[in-house]
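The values are calculated or read from the model by the stated rules, or taken from the named source; none is laboratory data. As the structure is a prediction and not an experimental result, all values here were calculated from the model. Using ideal geometry, Cβ is built from the backbone for each residue, glycine included, and neighbour counts are taken over all protein chains shown.
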Amino acid sequence: MTPAEIRAMNDRIAARRNASAQAGNPLPIASPKWADAVFDLGDELAARHAETAEPYPLDVQADLRLEDHCTVVIRRVISIGGTGDEIVRLIRAFGLDATARERLLRTIRGAS
């Protein structure tokens, strides 16, 4: 096999491996340093490794900043019909610093 054929084969393999991660919703949050994207798969979060393209499950406590974890929770609450007041109370209860809390509140208010 030529190097080009090997690269093409590896690309096809990576595409198959990524199918599960790409079936989820991409999240607008900061990825861990080793990842290039984070996906919400419904029952877990997965990050796609930047070099190997393998999807890895995330531990929200260890792999995400508190603000990013809060974003994931808020998106899930919105997706099941959470009201604006409920979202605001949730953001305030999450224990974010004032700057992060106000940034999320502005984002939510702007989206509604």
| said: Please list, ordered by residue number, the strands (runs of 3 or more DSSP E) wholly in segment 7-109 having 1 or more residues that are of a type in the set (D, E, K, R) and surrounded by 14 or more Cβ atoms within 10 Å (Cβ to Cβ). | reply: 35-40, 45-49
| task | Please state which of the following conditions H49 fails to meet, knowing it meets all the rest: (1) modelled with pLDDT of 90 or more; (2) outside the structural domain of R89 (by TED's automatic domain parsing); (3) not hydroxyl-bearing (S, T, Y). | result | (1)
| query | Does segment 58-70 contain at least one residue that is touching a residue at least 12 places away in the same chain (Cβ under 8 Å), in contact with a Ser or Thr (Cβ under 9 Å, 6 or more places away or on another chain), more than 13 Å from P32 (Cα to Cα) and not assigned by TED's automatic domain parsing to the domain that holds A14? | reply | no
| task | Taking R89 as the residue in question, decide whether it is over 30 Å from R7 (Cα atoms) and out of contact with any Leu (no Cβ under 8 Å at 6 or more places or on another chain). | result | yes
